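The values are calculated or read from the model by the stated rules, or taken from the named source; none is laboratory data. Worth saying up front: this structure is predicted, and the values here are computed from it rather than measured. A quick note on method: Cβ atoms are made from the backbone with ideal geometry, for glycine too, and the neighbour counts reach across all protein chains shown.
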Amino acid sequence: MAIPYLLLQTIVVPLIAAAVTYPLGRRLGRRVGWVSFAALLYTSVLLLLAGIEIFNTGAPIREEYAWAAIIGLKFGFLADNLSLPVALVMNAVVAATSVYSMPYMKHRLEAMFGKERSDQYPLYFVNYLLFAVGLAGVALSTNLIELYVFVELVLIPSYLLIGLFGYVDKERIALMYFIWNHVGAFLFLAGILIVYFTSGSFDIDAMASIARNPLAFWVVFLILVGWLFKMATFGFHVWLPWAHGEHPTSIAAIIAIIVGLGNYVIVRLLVAQLFSVFRLFGLPLMVLAVVTMFYAGYSTMVQDDVKRLYAWSTIGQTAYSLLGIGSLTVLGITGGVFYFVSHMIGKCILFSTAGILLSQTGTRDIREMGGLAKRMPVTAIIALSGTLILSAVPPLSGFQAEWIMFVGIFTQGSIGSLAYGVVAVFGMIATLFTVAYTFWPIRRIFFGPISSAMEGVKEAPLTMTAPLLSLAAISIIIGVYPESVARYLYPYVSGLPVLGG
């Protein structure tokens, strides 16, 4: 039985939940987080049902609605082999983190105000639900202006939450985050406007009609550079370690998703619609990705602050997907998007682990930790699962994603120019940094002798650990059964005019 307005509900239900969260929050306190979880669980189920239908039939789900009829402007939502797995995993991560947010925000408010402040919970969860709306909208949009609106919708609550509940110098860092991301959004908007003035339409599918126009180069350039700003690639990265290291850790997973979301947008807009122009940027994008991986890997290795360590690692991990996309091969692009999907889960687990450590030990300094597996065995298992995902160790999802991606990268390296082969080899070498900077903190934090200051540390509450264990279970399922993601992505990418398509 078809569910009416299925995709529209994924946008509207969290908006309704946000509207009722504020009045309910003053009475329920942090328990209002369950309203957020209920709404996001419901929308996750809707997306799962949509995914099952697409899996079985191969047909995308499209919904279209009037926006400004007088000028022929419409908005719509599309769940297909590319957007569905991205939207579903994003929604699942945000749903899981909404439960984690309740105990974490209790700790954060007590640290900020000296006591729990019930009036702050509705402010937090209203903004939190707007994240879910924006992320789903970016994944499902069929219209460029609609897509831009959702991109901005994601930016505003993240700016507010960093400024309200962040850590060191939070107002300045929130402004830094906003400016850098808004510059990227401005360049993206400039590219969108050129598309409209050359094609007469804001529809994403209309972008293909301008491929032979000389302005198409500038469309690709502006959109690509705009998203490279937001993805914090080398040269545009200076804002991320600050913003990602000092925000409230309960939104860390969402910030990581926002950073990596450009991989999806690049495939949706530039590879799928303007490939004949985008191919000019393939090799430079791969070189930039490898440089970013090496630089971020080295910078991650010298961090002693657990939050800043995982913040720096986000820069390098996001570049993995760019490397695959730049290869311009079916498997490279498939693996690149697959890796983004896996990275969302792994980075949520590790950043949330950092929040657990901060709330339970009172410190972010790795040098003050050690031997915590004796006091926090469940947290240690969770942290290890996130490490295995990002290090691409089977049977977790990261292995399947990275394997597919590097097969595509080396395919281009073997039949393309020598430069592609050199970049592919250096890309593989850069992965050694990931193994080092993910396992290294695990050893320092959870093993070895425990210091006297950590003897009284207790395990985190179930509301913090259970959501992360559920995400680890999802990663195992994807790793054991990679077709659950690859069966969506591969047919979509193989239909594009890329190598092997």
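Of the residues SER397, SER417, SER470, SER484, the single one that is farther than 20 Å from ILE345 by Cβ and either out of contact with any helix residue (DSSP H, G or I) (no Cβ under 7 Å at 6 or more places or on another chain) or of a type in the set (Ser, Thr, Tyr) (or both) is SER417. So is LEU47 surrounded by 13 or more Cβ atoms within 10 Å (Cβ to Cβ), under 20 Å from THR142 (Cα atoms) and either in contact (Cβ under 8 Å) with a residue 12 or more places away in the chain or touching a Cys at 6+ places or on another chain (Cβ under 8 Å) (or both) or not? When the stated conditions are applied, LEU47 passes them. At pLDDT 95 or above, surrounded by fewer than 21 Cβ atoms within 10 Å (Cβ to Cβ) and of a type outside the set (S, T, N, Q): is that true of TRP218 in this structure? Criteria met by TRP218.
Consider segment 191-215 and keep the residues that are in contact (Cβ under 8 Å) with a residue 60 or more places away in the chain and buried (at least 23 other Cβ atoms within 10 Å of the Cβ). The one that is farthest from SER313 (Cα to Cα) is PHE202. Scan segment 107-135 for residues that are surrounded by fewer than 19 Cβ atoms within 10 Å (Cβ to Cβ) and in a helix (DSSP H, G or I) and the total you get is 5.
Within segment 68-90, residues that are modelled with pLDDT of 95 or more have Cβ atoms under 7 Å from residues that are among the basic types (Lys, Arg) in these pairs: LEU78/ARG62; LEU82/ARG268, counting only partners at least 6 apart in sequence or on another chain. Identify, please: which residue in segment 247-285 is more than 23 Å from TRP180 (Cα to Cα) and among the aromatic types (Phe, Trp, Tyr) and is, among those, surrounded by the fewest Cβ atoms within 10 Å (Cβ to Cβ)? Looking at residues that are more than 23 Å from TRP180 (Cα to Cα) and among the aromatic types (Phe, Trp, Tyr), I get PHE275. Close contacts from segment 170-190, counting a first residue that is at positive phi and a second that is surrounded by fewer than 19 Cβ atoms within 10 Å (Cβ to Cβ), with Cβ to Cβ under 8 Å and a gap of 6+ residues or different chains, come to none at all.
Within the option set THR292, THR314, THR300, THR318, being assigned to a helix (DSSP H, G or I) and at pLDDT 95 or above holds for one residue only, THR292.
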